[in-house]
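Input: a single structure, listed below in structure tokens.
The values are calculated or read from the model by the stated rules, or taken from the named source; none is laboratory data. The structure presented is a predicted model; accordingly, all values stated were derived computationally and were not measured. Here Cβ is always computed from backbone atoms with ideal geometry, including for glycine, and neighbour counts include all displayed protein chains. We work out accessible area using only protein heavy atoms, side chains counted, and drop any ligands, DNA or RNA first. Shrake-Rupley method; radii C 1.70, N 1.55, O 1.52, S 1.80 Å.
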Amino acid sequence: MKYEYERIEKKWQEIWDKNKTFAAKNDYTLPKFYGLVEFPYPSGQGLHVGHPRSYTAIDIVARKKRLQGYNVLYPMGWDAFGLPTENYAIKNHIHPAKVTENNIKNFKRQLKSLGFSFDWDREVNTTDPSYYKWTQWIFLQLYKNGLAYKKKMNVNWCTSCKCVLANEEVVNGVCERCGNEVIHKEKSQWMLKITAYADKLLKGLDDVDFIDRVKTQQRNWIGRSYGTQVTFKTTLGDSFEIFTTRADTLFGATYCVISPEHPLIEKWKGSIKNAEEVQKYREESAKKSDFERTELAKEKTGVKLQGVMAINPVNNKEIPIFISDYVLISYGTGAIMAVPAHDTRDYEFAKKFDIPMIEVVAGGDITKEAYVDCNKGKMVNSDFLNGLSVDEAKSKIQEWLTEKGLGVKKVNYKLRDWVFSRQRYWGEPIPMVYCEKCGYVPLDESELPLTLPNIDSYEPTDTGESPLAKIGDWVNTTCPKCGGHAVRETDTMPQWAGSSWYFLRYCDPHNDDALASKEALRYWCPVDWYNGGMEHTTLHLLYSRFWHQFLFDIGVVPNPEPYSKRTSHGMILGENGEKMSKSRGNVVNPDDIVRDYGADTMRVYEMFLGDFEKAAPWSQSSIKGSKRFLEKVFALTDCLIEGDEFRKDIESDFHKTIKKVTEDIENLKMNTAIASLMSLLNTVLSKGNINHAEMKAFITLLNPFAPHITEEIWEICGFEGMLNESRWPTYEESKCVDSSVEIAVQVNGKIKARIMVSADISADDALALAKAEKNVFEAISGKTIIKELYVPKRLVNVVVK
RNA sequence: GCGGGCGUGGCGGAAUUGGCAGACGCGCCAGCCUUAGGAGCUGGUGUCCUUGAUGUGCAGGUUCAAGUCCUGUCGCCCGCACCA
């Protein structure tokens, strides 16, 4: 019989749709499994072959779990707010809502054509007012708990999107989305106080099963460091604070540096003799974009302040103060003490400005370079610290500073608060109004959702105001507090808002009274397994953990952490090994693959093409291998024979494969799971036929990977019911071993022979058999045996001299 | 610079975690079938000269035994990037 994938796949997709085969049950007594993949942004380009890599992998897990008796929730939805849609809408004069609707339709068709077992009854859409009502509700809770605030600040401004970006959205000084220049602009923005959760976000990582690189990346991003905040007095009679992790080197501090944005400069204006020069430097660094600033990072610049000196608290020596943009206003106190002998940046700066150095840790050669990694050295030139190790000196100086009230222990983070407002149309309106009398006032929860007004023109403005600002009817409103005139906030939320909690909505997607019922959340949360891209580690993944921990703190969700387990897939590259992109012309369209090879082949191929976690190039010729495999599997229906048990001679092959596939799926080793199924198929084919028991086991194991063809074979064979209602096969450990095995015989570690022995042979017998082999006998005769080893089921090694 | 990861046939990749390197697939070669093959089937396929040597980026080391562990070194990828 010919393998007609097109007919078979269409047939089963319709049956699954009609029967709602994969709808999660609302029976909260069953053991549950919640598998999650990142819901896509429905772009105009349609599905990328990268999407199915992640979706197929968790689909395989979900389908296996169902066969193992779990109540499985495997949902799908649309992260549909966002700039590309808005830009497309502007260009083509179609409303973004309409563009979104069309794109979703196309995405949904594509996803369905791949046979994913999503529960389509729970589909969510972040642009649906009944959904973003709850996104806005969460924002109000954040506001009421002091975690949302408005602040005038220097923000990242994308010159092309005409919109503010979060720090996480600026990549190498350019806009993450469009690649255009990002500059600094002073604007008043809504901020979310993610820094208040820095410690919780770090601590939570200890309790979850995330792959290490995700944990490490989040830890580095949060960037906690322990140090000391030290007070430096100045010759003007005032003082300022610096932050250092190396208080032990205080005696080596020969100057201080403050950031160009530091408020002290304004304060000292009257006393600074070179005010003009200083002002010029400040203006220059303000003009620099992030990109320029990092580019120029190699050569240090700065200006010495004339007329004010800092006083080193440990020895009361006067040292100069510089301003330089290598000190960031956003980290620590925006001021540092510089120890050129033991810090490479300070060293470089001191060389350029000819500032003296004092070695305070012996062991390096400071005429050549800064001695930074000096844990082995002893303190010198440091008065009461002399002779101590660095660690000893750290605690001693800390004690001393505390006693004199000159320095306190301090923890600093690299993490910044989250810039939450965007000056664009296609996002959730922020449910706040501004009243002249009352200031910012939150909308009453009963007013939610605050829907986006339907307008004709949503072009961004050059002034940096949201397009919503132009709609008088919408903007002008009354103050919920005093009833007087007020104006609405016209900025919208960033795309990350809707995706920060979507997995909660899947639990109970049609609830009008809450983001989801308590019962549903208690049953389904946390997500048991979440797979997604590494690129979201410090964006979506971190943001959603923050929101979730907050929702836990206010009693909305039952667990502090949203995801028990997080894995990540590698990218699928173009055939030439480069990233797939339109401009490189190496894009593969999933529709073409489904049409030419079938969904099952596509699924098997994407799982077989390499290590799941690593990037792998697409290979059009390799797909054929997966197609051939499925064709051979289908042809098994022509050689089916009776038999309700595995035949003895191939029984262990089946048990071993069941074990391997079962374990490999849990470890995302889909490539080796498929390889073992291919091997088993080859074994069966060499026998010439397959019996009922063997067929059932084989196609059940293959079902999660290739669901359509296996369901069809089940029907052709006349097995009872449907495959998706059957059970995952089990194995017996005792039957996974062969009774006799081939072992290698080595003499001095070199292979001389291979012999068949029974699996439970004794060491003595194995050695005796081995030494009787001709090659072995010749190699050892006349020599002294020093050592004899037998590694059960592996090898024998005879060591001679 | 810091952090994470990786180097195995012509290619994608396996290797029970120290125990027969190259599973499985692609490609390639030969044969069969065919008017034909970008189809199918069978067999072969790390390298080198036949015997049997050799082989996991390179150089050392530990061990009866190293792709796997240790030291050094070279190269590549990802993330962060003046975080004091």
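A few remarks follow.
- FRET efficiency estimate (nearest 0.05) - Cβ-Cβ, A:Ser188 to A:Thr29, R0 41 angstrom: 0.20
- Loop-located GluC sites (Glu not before Pro) in the stretch A:705-756 (DSSP state other than H, G, I, E, B) with a sparse environment of at most 16 neighbouring Cβ atoms within 10 Å: A:Glu720, A:Glu732.
- Rolling a 1.4 Å probe over the heavy atoms of the protein chains gives the stretch A:172-241 an accessible area of 49 Å² per residue.
- Environment charge of A:Val124, counting only residues whose C-beta is closer than 10 Å and scoring Lys/Arg +1, Asp/Glu -1: -1
- Its Cα centre serving as origin, the stretch A:483-603 has a Cβ charge dipole (Lys and Arg +1, Asp and Glu -1) of approximately 220 debye.
- Cβ-Cβ distance of A:Val741 and A:Ile554, R₀ of 56 Å, FRET efficiency by 1/(1 + (r/R0)^6): the value works out to about 0.40.
- Mean residue ellipticity at 222 nm, helices only, chain A: -10500 deg cm²/dmol; runs of at least 4 DSSP H residues each add -39,500 (n - 2.57), and the sum is divided by the number of residues.
- Cα gyration tensor shape of the stretch A:676-801, rounded if a/c is under 1.5, else prolate or oblate by comparing a/b with b/c: prolate
- The residues of the stretch A:734-801 expose, per residue, 63 Å² of accessible area to a 1.4 Å probe.
- With every protein chain in place, the stretch A:273-421: carbon and sulfur % of accessible area (1.4 Å): 50 percent
- Given +1 at the Cβ of Lys and Arg, -1 at the Cβ of Asp and Glu and no other charges, the dipole of the stretch A:71-173 around its Cα centre is 320 debye to the nearest 20.
- Given A:Lys203/A:Lys565; A:Lys750/A:Lys771; A:Lys752/A:Lys801; A:Lys10/A:Lys659; A:Lys304/A:Lys352; A:Lys378/A:Lys410, the pairs whose alpha carbons are separated by over 20 Å: A:Lys10/A:Lys659; A:Lys378/A:Lys410
- Filter on A:Lys108/A:Lys215; A:Lys150/A:Lys185; A:Lys317/A:Lys409 - keep pairs with C-alpha separation over 25 Å: A:Lys108/A:Lys215
- Within-13-Å neighbourhood charge of A:Ala80 [Cβ basis; K, R +1; D, E -1]: -3
- Solvent-accessible area of A:Ser686 with every protein chain in place, 1.4 Å probe, in Å² to the nearest 10: 100 Å²
- Largest accessible area first, the listed residues A:Lys203, A:Lys624, A:Lys64 line up as A:Lys203, A:Lys624, A:Lys64 when surface is computed with a 1.4 Å probe on the assembled protein chains.
- The GluC sites (Glu not before Pro) of the stretch A:422-479 that DSSP puts in a loop, and whose beta carbon has at most 13 other beta carbons within 10 Å, are A:Glu436.
- A:Phe552 - accessible surface, heavy atoms, 1.4 Å probe, Å² rounded to 10: 80 Å²
- Alpha-carbon radius of gyration plus Dmax, which is the widest Cα pair, for chain A in Å: 33.4, 109
- Solvent-accessible area, 1.4 Å probe, carbon plus sulfur percent, for the stretch A:447-591: 48 percent
- Portion, in percent, of the accessible area of the stretch A:708-764 that falls on carbon or sulfur, probe 1.4 Å: 45 percent
- The solvent-accessible area of A:Glu773, taken with every protein chain present and a 1.4 Å probe, is close to 70 Å².
- Packing, taken as the mean count of other beta carbons within 10 Å per residue, orders the peptides A:18-28, A:99-109, A:689-699 from highest to lowest as A:689-699, A:99-109, A:18-28.
- Pairwise centroid distance, computed over Cα atoms, of the stretch A:490-526 with the stretch A:1-56, Å: 21 Å
- Radius of gyration (Cα atoms) of the stretch A:327-418, expressed as a multiple of 2.2 N^0.38 Å: 1.22.
- Sequence-separation-based contact order of chain A, relative, with Cα cut under 8 Å and 6+ spacing, percent: 14 percent
- Positive-end residue of A:Phe777, A:Ala196, A:Tyr70, charge dipole of chain A with Cβ unit charges: A:Phe777
- Charge sum, other residues only, whose C-beta stays under 14 Å from A:Phe629's C-beta, Lys/Arg counted +1 and Asp/Glu -1: +2
- Amide H contacts of A:Met191 (H built 1.01 Å from N, under 5 Å, at least 5 apart or other chain): A:Tyr149, A:Lys150, A:Lys151, A:Phe420
- In the full protein context, the stretch A:441-598 carries 39 Å² of accessible surface per residue, based on a 1.4 Å probe and ignoring ligands, DNA and RNA.
- Under the convention that each Lys and Arg Cβ holds +1 and each Asp and Glu Cβ holds -1, the size of the dipole of chain A around its Cα centre is about 1220 debye.
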